Amino acid sequence: MTFSEMHEQDGTIRSCYAEVKRWIDETGIDGLHGRMDEAEAIFRRIGITFAVYGEGGDPERLIPFDLLPRVFSRLEWERLDKGIRQRAQALNAFLYDAYHRAEILRAGLIPQDLVYQNEAFRPEMIGFDPPGRVYSHIVGIDIVRTGPDQFEVLEDNCRTPSGVSYMLENREIMTRMFPGLFSKGLVTPVDDYPALLLKTLKEVAPPACKRDPVVVLLTPGSLNSAYYEHSFLADLMGIELVEPVDLFVDNDRVWMKTTTGPRAVDVIYRRIDDDYLDPLAFRPDSLLGVPGLFHAYRAGGVTLCSAPGAGLADDKAIYVYVPEMIRFYLGEEPILSNIPTWQCGTESGLAYVLEHLGELVAKEVHGSGGYGMLIGPQATSEAVAAYAARIRANPGGFIAQPTLALSTVPTLGESAVVQRHADFRPFCLVGSQMRLVAGGLTRVALTEGSLVVNSSQGGGVKDTWVLRN
Amino acid sequence: MELTVRHQTTYCYETPASQVALLLRLQPAALDGQVPRQWAVTVNDTPVQTFRPNAYGDGEAFVHLRASVEEVLIVASGRVETRDQHGVVSGFRQEGPLPVFLRQTHLTRPDAAVTAFAHSAGGTDRLSRLHALSALVRDRVGYCAGSTSTASTAAEVLAQGRGVCQDHAHLFVSAARALGIPARYVVGYLMAQAGDRALRETHAWAEAWVDGLGWIGFDATNGICVTDHYVRLCGGLDAHDAAPVRGSVLGATTIAIRADVMIGEAEPGAAQQTQQQQ
């Protein structure tokens, strides 16, 4: 039974949606459509056209924006907030452990091979202490809701999760177009995110930094699908947006070329994959990157956010063990639960998955963005058979989960407000303390009945409200 | 034994390079049975001061040349006191987790033939099995200079049956890992015995882990374990990971890289003389 976030079981409006409902009724469907066109025009004018991390697709395409906000009550948020922080803390503790004594492996809670044989594990990071022992400074956690009190984590994004600019832009547009909705102060603001991000980045300045840290955002360049977000965030934080060619390493420090001569850089918020950071450390064939960057990092001359090798915690096979991590490192019970997951790499898992593939959602362990996944109940029997063959060829590369009844949120349809499935990605900041803005990115599957919220597969975005009380 | 080493690497550029970045692992660690005396590294005659331990504990330095350069000359030289440890390599200041050295790379990933080859090594315990494996590598892959490239994988080397020390070491670590034995690729210097091929370049061999003994150095090319004729520079998962010199150049095409190694037994008088000067 699908949970509609707007409605009680008897069909009445849940109290946290009262204001939204009032506004819908007041404006009317036609009115809303008119405003929607306006919103789209604004988006086009600012040029916010980019894909969410790893989704590929046309970077110039506009991701559909849905006018109707998704709402969390204060109580719901309090629980989410605790659960997200708990998870971000455990993931960082795991990363530290994995590159040091690996106590959790010694305790037999996670299979050794899953860590040491993992592509995302970076042997170069062994024994190194990143400032504050933080590996993932921005943890994006994808959460789905399946009931009034059921929030479940779909996946963790520890490398360079994107999408936060949608959180900011969606709110900005809504505030600009409907000032009346926000004038009562019902909704918690999110616009302090850039300031908090900058604060977080400064907190992890390297040992060599003895001043107010100089922070830069490192982008692969304007051809990257998330370039808009890179320049947007750099702009809001008031920091330089640089490409690898703008930086060089000398004397174990990183320098930025400026018109007035080289300027030392302390912290790099990098939106560039590990492989392309430093051709001397990682991919020798890479023309991108800053030679010596990794050496300067290990020497304590600069901090990289996120740390190389942080992607280990994103792995879908590692995901299964996050509840164990929370118990092991924090001595707490997980507040947000995992989705039951069968690992095809195990004998029993493989047998179960092959037998029930038609009912399950199967995914590639290293995949992302909704590509290469199978939604059993919505697939043809040929597609299921073909997918089974792929799993048999490389069982360790796949996991499967039950098909979840994702909650639905109100969405503007042709002639009425309709209910569509959605997920949620909040962004937890980790420096010397943890910070979490009350909000995040809500992605919604615009096609009726669809469970895939990825923008490359027909998904859209909407504003997310956390009520003040 | 006291060995004197002079290891010279030259990069030549077609047109002057505007920027050259170098990552150097040219500092032999102080280990049991290996004590560097007066070791110095220079790049175009400028001393390289700071070597910091990398993830495997090997010293690593970064040098950045920004003036226009036509040639880069890297010289590592000095004396190293060695003692025969019967193959045991110990005294590392830092030890990473062992299972990391089970990790196969693009260069070492075994195919079915390498796996079968690994399992054909007999032996009653791990140590005898590793000795057998070292001998097998030498039997199956004849030494033949120029028969492979730096991009040759362990699987290709076994299929082809010819190779150089790099290939022997790759095949050894690939097979050892396939047997569940942590193994790593090692680069260093070897003073060849009289009558052997004189060493013109760095040498490569392998280390494998044996519980109770620790790391054991196997030189499959010469069919022996490491002795006091060996100087260990650095290790890694494969030849790429353990490269003693890595370079990145901007604004030029590299036309030649030349490495020369001279190694010999120090004359006792010479050593004394230097000591007196101090």
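A few points about this structure:
- Tallying residues that are assigned to a loop (DSSP other than H, G, I, E, B), of a type in the set (A, V, I, L, M) and modelled with pLDDT under 95 within region A:300-330 yields 1.
- Selection from region B:70-79 of residues that are closer than 13 Å to residue B:22 by Cβ and surrounded by 18 or more Cβ atoms within 10 Å (Cβ to Cβ): B:72, B:74, B:75, B:76
- Top-ranked residue in region A:251-280 [being within 13 Å of another protein chain (Cβ to nearest Cβ), over 17 Å from residue A:311 (Cα atoms) and in contact with a helix residue (DSSP H, G or I) (Cβ under 8 Å, 6 or more places away or on another chain); ranked as surrounded by the most Cβ atoms within 10 Å (Cβ to Cβ)]: A:254
- In summary, strands (runs of 3 or more DSSP E) completely within region B:1-110 and bearing 1 or more residues that are under 26 Å from residue A:115 (Cα atoms) and outside the structural domain of residue B:176 (by TED's automatic domain parsing) occur at B:59-65.
- Some residue of region A:291-312 being within 14 Å of chain B (Cβ to nearest Cβ), crowded, with 21+ Cβ neighbours inside 10 Å and aromatic (Phe, Trp, Tyr): yes
- Criterion applied to A:109, A:105 was being over 30 Å from residue A:208 (Cβ atoms) and either among the polar types (S, T, N, Q) or outside any loop (DSSP other than H, G, I, E, B) (or both), and the one residue passing it is A:105.
- Only one of B:32, B:45 that is closer than 23 Å to residue B:206 by Cα and either surrounded by fewer than 20 Cβ atoms within 10 Å (Cβ to Cβ) or touching a Gly at 6+ places or on another chain (Cβ under 7 Å) (or both): B:32
- Region B:221-251: number of residues that are of a type outside the set (A, V, I, L, M), within 9 Å of another protein chain (Cβ to nearest Cβ) and outside any strand (DSSP E or B): 2
- Condition check for residue B:132 on (1) within 14 Å of chain A (Cβ to nearest Cβ); (2) without any contact (Cβ under 8 Å) to a residue 40 or more places away in the chain: one failure, at (1).
- Residue that is surrounded by the fewest Cβ atoms within 10 Å (Cβ to Cβ), among those in region B:1-29 that are among the charged types (D, E, K, R) and closer than 22 Å to residue B:203 by Cβ: B:6
- Note on region A:231-247: among residues that are under 26 Å from residue B:21 (Cβ atoms) and out of contact with any helix residue (DSSP H, G or I) (no Cβ under 9 Å at 6 or more places or on another chain), the one that is farthest from the other protein chains (Cβ to nearest Cβ) is A:234.
- Test: residue in region B:79-98 that is without any contact (Cβ under 8 Å) to a residue 12 or more places away in the chain, of a type outside the set (S, T, N, Q), within 12 Å of chain A (Cβ to nearest Cβ) and touching a Phe, Trp or Tyr at 6+ places or on another chain (Cβ under 9 Å): yes
The values are calculated or read from the model by the stated rules, or taken from the named source; none is laboratory data. All figures in this text were calculated on a predicted structure; none of them were measured in a lab. Cβ sites come from the backbone with ideal geometry, for glycine too, and all protein chains shown count toward neighbours.
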